[in-house]
Structure formats: structure tokens, C-alpha cells
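Have a look at the structure below before the remarks.
The values are calculated or read from the model by the stated rules, or taken from the named source; none is laboratory data. Quick caveat, the model's predicted, so the values are computed rather than measured. Here the Cβ is made from the backbone with ideal geometry for all residues, glycine too, and neighbour counts use every protein chain on show. Surface areas here come from the heavy atoms of the whole protein model, side chains and all, with no ligands, DNA or RNA. Shrake-Rupley method; radii C 1.70, N 1.55, O 1.52, S 1.80 Å.
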Amino acid sequence: MSTDVPQPTNPVANGKPVLEARGLTKSFGALQVLRGIDLSLRPGEVLGLVGDNGAGKSTLVKILCGFHSQDGGEMLLEGKQVRFNSVEAARAHGIETVYQDLALIPQLTVYQNLFLGHELTMLGPLRFLNNRQMRKLAREYLDEINVHVPSVDAEAERLSGGQRQAIAVARAVRAANKILLLDEPLAAMGARESRLIINLVKDLAASGRVSIIVIDHNYAHLFELCDRVNVMQGGKITIDRPVHETSIEELTELMVSSYRRQLEQVREGGA
Amino acid sequence: MITIGLFVYFTIKAGSNFTDTLSLSSAAGYAGPYAAIGVGEVLLLVLAEIDLSAGQVFLFCPWVMYWLHGDGVPLLAAILIALLVVSAVGAINGLITVLLNVPSFVTTLATNFILYGLVLVESNQLQGSPIPLSSGSGFWSKVMGTGTWSEIIWVAAITIVMTVVFKRTRFGVRIIATGGNLVGAAEAGVPIRRVKIWAFVLCSFLSGLVGIVDSVKYGTLDPGNFGVDYILYAIGACVIGGTALTGGRGTLLGAFIGGILIGILQDGLTLIGVSTNVFFIYVGAVIIGAMAVNVQFDRLIARSRGT
Ligand SMILES: Nc1ncnc2c1ncn2[C@@H]1O[C@H](COP(=O)(O)OP(=O)(O)OP(=O)(O)O)[C@@H](O)[C@H]1O
Ligand SMILES: [Mg+2]
């Protein structure tokens, strides 16, 4: 695989991987979802992850961000082996996540959701909320990135699906300082909002500070956003291609032939 | 809002019977335990959990103090150890619920029976008397329960402090987050297990604390008292106050007012000479009424916000 080809779309995307997975496995009961995932994310890179529904993409992301722990295999952060026991632990290393289910709390307001897990507090150990400051920063930040909500004091319950998604993305983008994991960040969004989020992610990537993994079923979005695309099939990464070396057609073709190969293997194994 | 409305309505309606201090204070006497237990219980209801043992903890805590003091432990130490013991009971409730994945309804039902049994066994079914401080008229006796208003002042103070904790601290936000969307809260990095365990500890601690005050107030401990009698009223107080049992929402002030309301009903009916049996019908009606009003109120708010 042509992993050492320079990345003209994003000149900073080279050097040692910032995040690396080696042989990650994960089962839920009898269902083996991940069967040895090898993946590497280079500094400043945007890596796309595609695969069928149920392929295990979200499961992989939830291991990388500390929500699940893997059964086997290892993870390296900037070359050092790590094992996160919680989302908090991963966050402490600068890893932020937008989950497919968004992880917003319906009863909390926009600003409370935006700061959930990152609350600004005062009076030391008493952890009094600095609501005024959080409101102000929330308002400023949402304005800055052009996300429109009725008010930062509106409860998340009363937002539209797309608005909720924008808040979830904004929360992670705001806090990420090393790695950002995006699990279908555009799923519920209209054209304008999709564009907004795509630009937000592009800006973040262009800053070179943060490396990004994004899951999406829309190839057009992925080809626009990503430097490289990985395909997940049968619990493994089967295809790894820089986007400038491939096309939607080729990727589809590769996926189909890879399936055919798997099918044949299964048949031969059964015979 | 609704509870305040109800409260005012009932107070005005029953007003003429409540003018003298004696009946007001006895209403407060009924109300104190319900309100106190209710305030702690709201934290758990917001978490979509429940503590059925809080009523028994309320009764158990003064027994521990009484036994320790009887064995020669200085009073202050006896009180602190008793509070530690009931906090540990809360921690056990929380740990079993969270680590073994047992519904808290079941965990705390079991704890409730165990504590009841412990009291019966340890007391040989004899009354506990005299309770330290209960016969004195010194400052500390007054503070700890013999003063006419001391119990309700304790409960009011607890309500205020806990409301500040619930509304203004990170712990409060974490409780709402955990109760509102358990998986989402965990994904967002909220330590959901720790939050739940601490809420169980707090609920037990607060119930136990007011339990001690209540024992000083009455001066004797009756081993036959069953905590379930208290906890059901306390949950009633929460519901009347506008806390749903679905998680994510609740008000501590509401539980306080709900407790007062039940106390007023209980005392008022006794005072007017209405058969106390009717009391239960009233309580039931108020719970259903409050629930209905709250649901309507939510709908109204939703409409006015244009959703
Ligand atoms: N917590 C869980 N418990 C049991 N099974 C799970 C759990 N999470 C995921 N699975 C199973 O693991 C498999 C992979 O799920 P995952 O959500 O990772 O897929 P995905 O690739 O993200 O799919 P999609 O494109 O639909 O989001 C599915 O068969 C799913 O049912
Ligand atoms: Mg998924």
C-alpha cells in the first residue's frame, strides 16, 4: 500500500502516526465485531472510514476514545502504548469524539451541553458553575462558527435534529486539541449546515493541530474532507488509499471485489 | 410554580384552622420527615433511580446514635459515627446498584428490610429512651430538635443548601445529565457510576441527619416504626412537588413544599376532627391532581415556546 506517498492535499500530514491501532479485536458476546484492526492516523491528517452498516466503525471509534475497552491488540498514542479506562482518560490526552447518537442531554440547555464534561467552575473543590462565563463563551463560539440556535438557554430537547448535531460537533471541535473522532457528523444535516460543518472540520485540519478520523456514508463528503480513506469489511481494514490516488468508482470497485474474495474464501472454507 | 400555587391555595383554604402556633408547629412536625427524605430522594429520582430505604435509614440512624451513646461513646462522636454508618448504607446501596446492575428499587427494598430487622433484633423490641438531649432545654437541645421549629428549620436549611448544590455545581449538572441520558452522559465523559453512588450516599446521609433531629424531638425510639410508612409519603412529596419518576428533571424545593402540604393535610384534618382515615383519600387525590397539573403546565410551556 502506498502509505509513504506525500499528501499534496495536506502538506502537514506526514511523519510518525499520532494514533496507531494494532490488531484491535472486540466482541459483544458471541458476535466478533473487530477481528484485528490495523490503523494509523498521521499528524494533521483527515482519515475517512467507510464500511457497511454494522461493519464495526462506531465500535472502533468507541475503543479509540476510551468508551469501550478492546479485547485484544494495542493502541499507541504518539508512539507510546496507551490504554484508556474511561472517556475522561482519553480526553485528558486531547481526544474528543462526536458520537453517532450525539450524546446530548435533552434536559440540559445548549450551553450546558456544549460544556458538558468541560464545565468552567469556580471556588475550587466546590466546583460551582461559572454559568455566566459559559453562556457568554457558548454564544460567542456558536456565532463564530455560524451555528444558529434559538438561544444558548434553550433545552436540547427543543432543538431540531440538525441543530443538535451542530452542538455535538461544536462541543468536540472546540475541545479537541490532538485528535478528533467524528462518527457520522453530517447524518441529520441539510445542505447549508453540512457545508458549515465541513468547513469547520477543514479549518481545524488546516490548522495542523488536530488529526481527524471521520466516518461517513457519503463518498462526496469524504473525498472533499479527507486525505486518506480506509475501508472496513469483516472486522478488518481491507483498503487504505490516499484520496488523490483513487476515485469513488475505484473505491466501490475495490469494495465489491474484496467482498467477492471474502465470499470465495468462505465457500472454499466450507467445501 | 404549580406547587407554590397549590400550597397557597391549601393554606388559604385551611387558614382559619392554622392560625395558632401549636397547630402550625404540629403540621411542621408531620411534614419535617417527609420533606427531609423527599429532598434527598429527588436527587435519586432525577437520576432515574430510587431509594426505598431512606425512610428506614431515617429511623435507623438515631438508633445507632442511641446504642453508641449507651455504650459510653461521647454524644458528638456517637452522632458522627451514626451519620457515617448511614452514609455507608447509602454507599452500599449505590455500589450494589451500579456494580452489580441491580435495579435500585430492589437493592434498596432489601436494605430497607435488613435495617428494620437490625433494629428489631438489637433493641429486643424495647423502646429506646431517653434519647440524649431530648429532655434538656439547653441551646444544643433546642438546636438538635426540642425547639418548636428546629426540625423544620433543619429541613429548610438542607433544602436550600441542596438546591444550591443541585442548581449551581458541577455535581448537579452531572446528576441531570446522568438521569437524562445515561449512555450520552457516559460518552460525554460524565463519571455516571460515581455520580450515582454519591447521590445514594447523600440521600442516606440527609435522611439520617434529620432522623436524629426527629428522635431528639420526640424523645423515644419505637422499634416497631416501619420506614416504608415514611418513604411512600416522601415520594408522594416529590411527585406533588413536580418531580417526575422518569429521570432528568426534578425540584428539591418542590419536594419540600410537597412534604409541607402532606403535613398540613394530615394535621389539618386531625384538627378539624375529620376522621384521619379520610387523610389517605386526600393524599391520593393531591398526588394525582399535582401530577395532572404538572403535565398540563409542561404542555403550556411547550406551547408558549412554540414547539
Ligand atoms: N454495545 C453493544 N452491545 C452489543 N452489540 C453491539 C454493541 N454495539 C455494537 N454492537 C454490534 O456490533 C456491530 C457493529 O456495530 P457498529 O455500531 O460498530 O457498526 P457501524 O459500522 O458503526 O454501523 P453504522 O454504519 O450502521 O453506524 C453491530 O452488529 C452491532 O449490533
Ligand atoms: Mg456507526
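Candidates in the stretch A:37-62 are the residues that are among the aliphatic types (A, V, I, L, M) and within 13 Å of ligand 2 (Cβ to nearest atom); of these, the one that is nearest to the other protein chains (Cβ to nearest Cβ) is A:VAL61. Within the stretch A:33-46, the set of residues being open to solvent by 10 Å² or more (accessible area, probe 1.4 Å) and near ligand 1 (Cβ under 9 Å from one of its atoms) comprises just one member, A:VAL33. Scoring B:THR178 on the criteria (1) surrounded by 17 or more Cβ atoms within 10 Å (Cβ to Cβ); (2) touching a Phe, Trp or Tyr at 6+ places or on another chain (Cβ under 9 Å) leaves a single failure, condition (2).
Listed by position, the strands (runs of 3 or more DSSP E) contained in the stretch A:179-242 that have at least 2 residues being within 15 Å of ligand 1 (Cβ to nearest atom) and within 14 Å of chain B (Cβ to nearest Cβ) are A:179-183.
Take the stretch A:119-130 and flag every residue that is more than 8 Å from chain B (Cβ to nearest Cβ) and either in contact (Cβ under 8 Å) with a residue 12 or more places away in the chain or among the β-branched types (Val, Ile, Thr) (or both). Across the stretch A:119-130, the qualifying residue is only A:LEU120.
If you scan the stretch B:194-209, which residues turn out to be in contact (Cβ under 8 Å) with a residue 40 or more places away in the chain and either open to solvent by 20 Å² or more (accessible area, probe 1.4 Å) or hydrophobic (A, V, I, L, M, F, W, C) (or both)? The answer is B:VAL195, B:LYS196, B:ILE197, B:TRP198, B:ALA199, B:PHE200, B:VAL201, B:LEU202, B:CYS203, B:PHE205, B:LEU206, B:LEU209.
Any residue in the stretch A:104-115 that is open to solvent by 30 Å² or more (accessible area, probe 1.4 Å), of a type in the set (Val, Ile, Thr) and away from ligand 2 (no atom under 16 Å from the Cβ)? Scanning the stretch A:104-115 turns up no residue that is open to solvent by 30 Å² or more (accessible area, probe 1.4 Å), of a type in the set (Val, Ile, Thr) and away from ligand 2 (no atom under 16 Å from the Cβ). Return the residues of the stretch A:47-79 that are of a type in the set (Gly, Ala, Ser) and either within 8 Å of ligand 1 (Cβ to nearest atom) or out of contact with any Gly (no Cβ under 8 Å at 6 or more places or on another chain) (or both); say none if nothing qualifies. Across the stretch A:47-79, the qualifying residues are A:GLY48, A:GLY51, A:GLY54, A:ALA55, A:GLY56, A:SER58, A:GLY66, A:SER69, A:GLY79.
A:LEU34 falls short on exactly one of the conditions (1) more than 9 Å from chain B (Cβ to nearest Cβ); (2) within 16 Å of ligand 2 (Cβ to nearest atom); (3) touching a Phe, Trp or Tyr at 6+ places or on another chain (Cβ under 8 Å), and that condition is (3).
Can A:ALA90 be described as away from ligand 2 (no atom under 16 Å from the Cβ), within 26 Å of A:ILE215 (Cβ to Cβ) and of a type outside the set (Asp, Glu)? Yes; evaluated as a whole, the condition is true for this residue.
Is it the case, given these coordinates, that A:GLY73 is more than 9 Å from chain B (Cβ to nearest Cβ) and farther than 30 Å from A:SER151 by Cα? So A:GLY73 passes the test. Out of B:VAL64, B:VAL8, B:VAL73, one residue alone is under 26 Å from B:THR108 (Cα atoms) and either part of a helix (DSSP H, G or I) or at pLDDT 75 or above (or both). It is B:VAL64. Annotation: of all residues in the stretch A:19-31 being open to solvent by 10 Å² or more (accessible area, probe 1.4 Å) and more than 16 Å from ligand 2 (Cβ to nearest atom), the one that is nearest to the chain's Cα centre (by Cα) is A:GLU20. Residue check: B:GLY189 meets all listed conditions (1) closer than 26 Å to B:LEU100 by Cβ; (2) outside any loop (DSSP other than H, G, I, E, B); (3) without any contact (Cβ under 8 Å) to a residue 12 or more places away in the chain but one, namely (2).
Scanning the stretch B:160-182 for residues that are in contact (Cβ under 8 Å) with a residue 12 or more places away in the chain, at the interface with chain A (Cβ under 10 Å from one of its Cβ atoms) and among the β-branched types (Val, Ile, Thr), we see that the one that is nearest to B:VAL46 (Cα to Cα) is B:ILE176. When each of B:ILE288, B:ILE281, B:ILE231 is tested for being farther than 18 Å from B:PHE166 by Cα, at pLDDT 85 or above and surrounded by 18 or more Cβ atoms within 10 Å (Cβ to Cβ), the lone residue that passes is B:ILE231.
Residues are listed down the side, and each one gets a yes or a no for (1) over 30 Å from A:LEU116 (Cβ atoms); (2) open to solvent by less than 40 Å² (accessible area, probe 1.4 Å):
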position	(1), (2)
A:GLY162	no, yes
A:GLU193	no, no
A:ILE215	no, yes
A:GLN233	yes, yes
A:GLU264	yes, no
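Among the residues in the stretch A:218-236, are any among the hydroxyl-bearing types (Ser, Thr, Tyr) and touching a helix residue (DSSP H, G or I) at 6+ places or on another chain (Cβ under 6 Å)? Looking through the stretch A:218-236, at least one residue is among the hydroxyl-bearing types (Ser, Thr, Tyr) and touching a helix residue (DSSP H, G or I) at 6+ places or on another chain (Cβ under 6 Å). Taking the stretch A:132-160 as the range and being open to solvent by less than 20 Å² (accessible area, probe 1.4 Å) and in a helix (DSSP H, G or I) as the test, the residues that pass are A:MET134, A:ALA138, A:LEU142, A:ALA156. For the stretch A:90-113, a residue qualifies if it is more than 9 Å from chain B (Cβ to nearest Cβ) and farther than 20 Å from A:GLU184 by Cβ, and the qualifying residues are A:ALA92, A:HIS93, A:GLY94, A:THR109, A:VAL110, A:TYR111.
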